[in-house]
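Asks: Quick one: the structure is below, questions incoming.
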Amino acid sequence: QVQLVESGGGLVQPGGSLRLSCAASGSRFSISAMGWYRQAPGKQRDLVAVIDRGGRANYKESVKGRFTVSRDTAKNTVYLQMNSLEPEDTAVYYCHVLTPTAIYWGQGTQVTVSS
C-alpha cells in the first residue's frame with residue numbers, strides 16, 4: 001500500500017507561480033512513474049505531467065514551457081513547478097503514482113488562478 005501526501009495548492013494571480021509537492025510512503029513499493037492530473041469543474045480528469053523512473057517527462061500541450069515536473073527518487077517525491085499561471089489552469093490537482101501492480105491517487109489540492 002502506498003500513501004500520498006500533497007501540498008502546495010492555493011490562490012494565485014494570473015502570471016504567478018505555485019509549486020506542488022507529493023510525497024509517497026509505504027512499504028516495499030517500486031515506483032514506475034509519478035505525475036499530476038487535474039480536474040476542473042464539469043470536466044474530466046486530464047494528465048498534466050508525468051515523469052518516469054528514467055527521468056523522462058511528458059506534458060499536456062497547454063502547459064508545455066510553463067510547467068516543470070521533477071522527481072526526488074530518494075525521497076519518493078514528485079514536484080510540479082507551475083509558472084505563468086492562467087485562469088484556465090484552475091482545477092483540483094491530483095498526484096498520481098504508478099507501480100508495477102497498482103495506481104495510487106493523492107487526495108487532491110485546489111489551485112485557483114484569479115485576480
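Asks: Please compute the net charge surrounding CYS22, taking Lys and Arg as +1 and Asp and Glu as -1 over other residues with Cβ under 12 Å from its Cβ.
Replies: Value of the local net charge: +1.
Asks: Turning to a different aspect of this structure: Restricting to bridges with both residues inside the chain, how much of the DSSP beta-bridge set is antiparallel, in percent to the nearest 5?
Replies: 95
Asks: Moving to a separate point now. Using +1 at the Cβ of each Lys and Arg and -1 at the Cβ of each Asp and Glu in the chain, identify which of GLY15, CYS95, VAL111 lies farthest towards the dipole's positive end.
Replies: CYS95
Asks: If you don't mind, there's one more thing I want to ask. So how strong a dipole does the chain carry about its Cα centre when Lys and Arg Cβ are +1 and Asp and Glu Cβ are -1, to the nearest 20 debye?
Replies: 280
Asks: Any chance you could run the full-extension gain for GLN44 through SER7? It's 0.36 nm times the residue separation minus the Cα-Cα distance, nm to one decimal.
Replies: Length gained between GLN44 and SER7: 11.1 nm.
No value in this document is a laboratory result; all are computed from the given coordinates. Bear in mind that the values here come from a model prediction, so they are computed numbers and not experimental data. Backbone-built Cβ (ideal geometry, glycine too); neighbour counts: all protein chains shown.
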